[in-house]
Amino acid sequence: MDKDQVVKQIEDWEKRLVELYNRIESWYNELPPNETKEFLSGSVLQRDEGPMRRVDVPPRMLPTRSVLYGKNRVSFVPSALWIVGANGRVNATTNRRQFSLIDVRDNDEAPSDWQIVTSQLAQTHVPFTQEVFNDLIERQLIEAA
């Protein structure tokens, strides 16, 4: 991979993150009213990953999102772009535990296919749907089949 390819992948990663967060925000907007209901935007410095170091591409700031709903919180923070078996990972941290969202799209031209890892040990995951988001924000757990 040359420098231009690495930069292109990072730009695509950032675009996919924004698309994911837009979907999450639309789900958030459908939640019933609550005394504490907030959708917060932030940023975090990207992890300095191997492909970036090899071609001298510095980390950049990437977007984050946090959803507050009553006493519950879910924060979505990009973790890594280059991971085995997926095209990027986002940590979804609740008050109780941390989950991983992974993009398992088939190729760079395909739309993102975000899945949430339900068991790190068994390497199982399910689609990250509005129902799963609601489970995370309202019950802080996943009731997946």
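Derivation of every value follows stated rules applied to the coordinates shown; laboratory data play no part. Since the structure is predicted, the reported quantities are computational estimates derived from the model, not experimental observations. Virtual Cβ from ideal backbone geometry, glycine too; neighbours counted across all protein chains shown.
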### Query
Size of the dipole of region 98-139 about the Cα centre, Lys and Arg at +1 and Asp and Glu at -1 on the beta carbon, nothing else charged, in debye to 20?
220 debye
### Summary
The farthest towards the positive end of the charge dipole of the chain, of the residues Trp114, Leu62, Val74, given +1 on Cβ of Lys and Arg and -1 on Cβ of Asp and Glu, is Val74
### Query
Tell me, what is the FRET efficiency for Arg97 and Glu38 to the nearest 0.05, using R0 = 22 angstrom and their Cβ-Cβ distance as r?
0.55
### Task
At 7 Å along the Cα-to-beta-carbon direction for both Glu30 and Glu11, put a label point, then send me their distance in nm to one decimal.
3.3 nm
## Note on the structure
Scoring the chain by relative contact order with C-alpha pairs under 8 Å, at least six apart, yields a percentage of 16 percent
### Message
Viscosity 0.890 mPa s, temperature 25 °C: what is the translational diffusion coefficient of the chain from Stokes-Einstein with a Kirkwood Rh over Cα pairs, rounded to a whole number of µm²/s?
### Response
154 µm²/s
### Message
With +1 on the Cβ of every Lys and Arg and -1 on the Cβ of every Asp and Glu, and nothing else charged, how large is the dipole of region 3-139 about its Cα centre, in debye rounded to the nearest 20?
### Response
520 debye
## Note on the structure
Listed by chain and number, the lysines with an alpha carbon less than 17 angstrom from that of Lys71, same-chain partners under 8 positions apart left out, are Lys37
### Message
Once you keep just the Cα pairs under 8 angstrom separated by 6 or more residues, what percentage relative contact order results for region 53-119?
### Response
19 percent
### Query
Among Val117, Val126, Val55, which one shows the biggest mean-square fluctuation in a GNM of the chain, springs joining Cα atoms closer than 10 Å?
Val55
